[in-house]
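Q: Just dropping this structure here.
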Amino acid sequence: MMRFDAKRDGFAIPMAILLIGIITAGVVGAFARVESEQAVVDDRHRETDAYALAEAGLNQYFSMRRGLPRDTTLTLPGGEAEIHVELVREEVDKAALYAVRSTGRPFVSGRAAPASHDIVQLAWFRRGDMQVHSAWTSISGLLKNGNAGALSGYDKCGTEFMSGCVCQPAKAGVAVPTGEYDGKTNPVEGDPPILEMGSREQMADQINIDWDAIVNHDALSADYRIPPDAWPYAAFADTSFWPTIYIEGNTSLPSNGRGTLIVRGDLTLGGGDEWTGIVLVGGKITDNGQGHIRGAVVSGLNIKIGETVDASSRANGTKTYDYDSCAVTRAATEQSTLRPMRNTWMDNWAAY
């Protein structure tokens, strides 16, 4: 007869433990796989964000950049774009060519892996410049009271404003419509001292300044537009600051300064006022007492857009207007721009 051992060990508990282990390993594996796939998705999102930041940074750089090309870092929503400007071809017979590389980097927190993306656009460098006929060019005529001071077309070329600046041949001391210079001629010097340029309309046609574009279409991007902006008194303490300031209507010069000053109406200067760079005035200039402008001045520009400028500009007292090609170049350089070249966008530019 067969006997059964009632004390035989059971197998239910070991089997349960084995099943629990298998299930646990499966759950852990599933979580690990989900976490891995989530990391891949997050990485792709960061890569997409980096690409978007690089594109946004490149567009913002081209829209805001004036002056000489230089590297910069732009802070954007969700990250930053590091801009690097590389010279491809120097300016010789044609405009200089630059490669502008934008590296987008999204902000990340915790242990997230960093992401970045580079895109590049080739761009022409258009250097800002200005046609200069004389130290003071007045389309509405000019009256000089007294023999004190100087209106000089001999280049003072202050190389402290811009390294490598070269002095230019002498310009006229003043340029006016034919027969519209009045007063003393002793203070005027240059080659020739007084340049007569025909009627007001003929002279206006010879002044290569698009005044309509400047006053009506913001052709020269202004750092300050007054109003609504206030005059940047404190900013002029920085000697590297050469802003473009546009003033609507008539005004007097609030303080000494440098850069490009654009006045839509009339400009009045008092005793001791000084400006270095470019001055463009739609109406007339009335300059009283001692003062010094170094660079180039053009007044009466409203005639170019069909408006009447009745009275002549006036220089009263000890006035010094010096043509300075380096000051003009330094001020005009702030209007230099990089213009993207069509069909040259790329995201496979090698960086070293």
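Q: Hey, among the residues in the stretch 56-88 that are β-branched (Val, Ile, Thr) and more than 13 Å from the chain's Cα centre (by Cα), which one's farthest from residue 329 (Cα to Cα)?
A: Going through the stretch 56-88, the residues β-branched (Val, Ile, Thr) turn out to be 72-73, 75, 83, 85, 88.
Pick out the ones that are also more than 13 Å from the chain's Cα centre (by Cα) and you get 73, 75, 83, 85, 88.
Values: 73: 27, 75: 31, 83: 26, 85: 22, 88: 23 Å.
My answer is 75.
Q: Shifting gears a bit: Which of the numbered conditions does residue 153 fail, given that it passes all the others? Conditions: (1) farther than 21 Å from residue 334 by Cα; (2) in the same structural domain as residue 206 (by TED's automatic domain parsing); (3) surrounded by fewer than 16 Cβ atoms within 10 Å (Cβ to Cβ); (4) among the small types (Gly, Ala, Ser).
A: (3)
Q: So how many residues does the stretch 136-152 have that are outside any loop (DSSP other than H, G, I, E, B) and either of a type outside the set (A, V, I, L, M, F, W, C) or more than 19 Å from residue 280 (Cα to Cα) (or both)? Before the answer, list the steps.
A: Going residue by residue through the stretch 136-152, those that are outside any loop (DSSP other than H, G, I, E, B) are 136-138, 142-145, 149-152.
With the extra rule that they be either of a type outside the set (A, V, I, L, M, F, W, C) or more than 19 Å from residue 280 (Cα to Cα) (or both), the set shrinks to 137-138, 144-145, 149-150, 152.
Within the stretch 136-152, residues that are outside any loop (DSSP other than H, G, I, E, B) and either of a type outside the set (A, V, I, L, M, F, W, C) or more than 19 Å from residue 280 (Cα to Cα) (or both) number 7.
Q: Give the residues of the stretch 68-107 that are in a loop (DSSP other than H, G, I, E, B) and in contact with a helix residue (DSSP H, G or I) (Cβ under 7 Å, 6 or more places away or on another chain), sorted by residue number. Full working, then the answer.
A: Pass one, the stretch 68-107, residues in a loop (DSSP other than H, G, I, E, B): 68-71, 77-78, 90-96, 107.
Of everything in the stretch 68-107, those that are in a loop (DSSP other than H, G, I, E, B) and in contact with a helix residue (DSSP H, G or I) (Cβ under 7 Å, 6 or more places away or on another chain) turn out to be 68, 78.
Q: Report yes if some residue within the stretch 261-277 is under 22 Å from residue 127 (Cβ atoms) and assigned to a loop (DSSP other than H, G, I, E, B); otherwise report no.
A: no
Q: Failed condition for residue 155, given (1) modelled with pLDDT of 90 or more; (2) of a type in the set (D, E, K, R); (3) over 30 Å from residue 283 (Cβ atoms), with all others met?
A: For residue 155, the failing item is (3).
Q: Now a separate question. For residue 204, indicate whether it is of a type outside the set (D, E, K, R) and under 20 Å from the mean Cα position of the chain (by Cα).
A: Values: of a type outside the set (D, E, K, R): yes; under 20 Å from the mean Cα position of the chain (by Cα): no.
Spelling it out, it is not the case that residue 204 is of a type outside the set (D, E, K, R) and under 20 Å from the mean Cα position of the chain (by Cα).
Q: Same structure again: Can you tell which of 179, 190, 173, 198 is touching a residue at least 12 places away in the same chain (Cβ under 8 Å) and in contact with a helix residue (DSSP H, G or I) (Cβ under 9 Å, 6 or more places away or on another chain)? Outline the logic, then answer.
A: On the way: 179 fails: in contact with a helix residue (DSSP H, G or I) (Cβ under 9 Å, 6 or more places away or on another chain); 190 fails: in contact with a helix residue (DSSP H, G or I) (Cβ under 9 Å, 6 or more places away or on another chain); 173 fails: in contact with a helix residue (DSSP H, G or I) (Cβ under 9 Å, 6 or more places away or on another chain).
Result of the check over 179, 190, 173, 198: 198.
Q: Residue 175 is checked against (1) at pLDDT below 90; (2) in a strand (DSSP E or B) and fails just one. What number does that condition carry?
A: (1)
Q: For the subset of the stretch 91-127 comprising residues that are surrounded by fewer than 21 Cβ atoms within 10 Å (Cβ to Cβ) and small (Gly, Ala, Ser), which member is modelled with the highest pLDDT?
A: The qualifying residue modelled with the highest pLDDT is 99.
Q: Check 276, 260, 268, 318 and return the single one that is farther than 20 Å from residue 137 by Cβ and not basic (Lys, Arg).
A: Details: 276 fails: farther than 20 Å from residue 137 by Cβ; 260 fails: farther than 20 Å from residue 137 by Cβ; 268 fails: farther than 20 Å from residue 137 by Cβ.
Testing whether each residue is farther than 20 Å from residue 137 by Cβ and not basic (Lys, Arg) leaves just 318.
Q: Further question on the same structure: Across the stretch 31-71, which residue is surrounded by the fewest Cβ atoms within 10 Å (Cβ to Cβ) among those that are hydroxyl-bearing (Ser, Thr, Tyr) and either modelled with pLDDT of 85 or more or more than 14 Å from residue 81 (Cα to Cα) (or both)? Break it down into steps so the answer makes sense when it comes.
A: Here is the first cut: in the stretch 31-71, the residues hydroxyl-bearing (Ser, Thr, Tyr) are 36, 48, 51, 61, 63.
Subsequent filtering for residues that are either modelled with pLDDT of 85 or more or more than 14 Å from residue 81 (Cα to Cα) (or both) retains 36, 51, 61, 63.
Working: 36: 10, 51: 18, 61: 20, 63: 8.
The extreme case among them is 63.
Q: Yes or no: residue 274 among the acidic types (Asp, Glu), surrounded by 15 or more Cβ atoms within 10 Å (Cβ to Cβ) and in contact with a Phe, Trp or Tyr (Cβ under 8 Å, 6 or more places away or on another chain)? Break it down into steps so the answer makes sense when it comes.
A: Numbers: among the acidic types (Asp, Glu): yes; surrounded by 15 or more Cβ atoms within 10 Å (Cβ to Cβ): yes; in contact with a Phe, Trp or Tyr (Cβ under 8 Å, 6 or more places away or on another chain): no.
Spelling it out, it is not the case that residue 274 is among the acidic types (Asp, Glu), surrounded by 15 or more Cβ atoms within 10 Å (Cβ to Cβ) and in contact with a Phe, Trp or Tyr (Cβ under 8 Å, 6 or more places away or on another chain).
Q: Exactly one of these conditions fails for residue 180: (1) closer than 18 Å to residue 267 by Cβ; (2) at pLDDT 90 or above; (3) surrounded by fewer than 22 Cβ atoms within 10 Å (Cβ to Cβ); (4) in contact with a Gly (Cβ under 6 Å, 6 or more places away or on another chain). Give me its number.
A: Condition (1) is where residue 180 drops out.
The values are calculated or read from the model by the stated rules, or taken from the named source; none is laboratory data. Quick caveat, the model's predicted, so the values are computed rather than measured. Cβ sites come from the backbone with ideal geometry, for glycine too, and all protein chains shown count toward neighbours.
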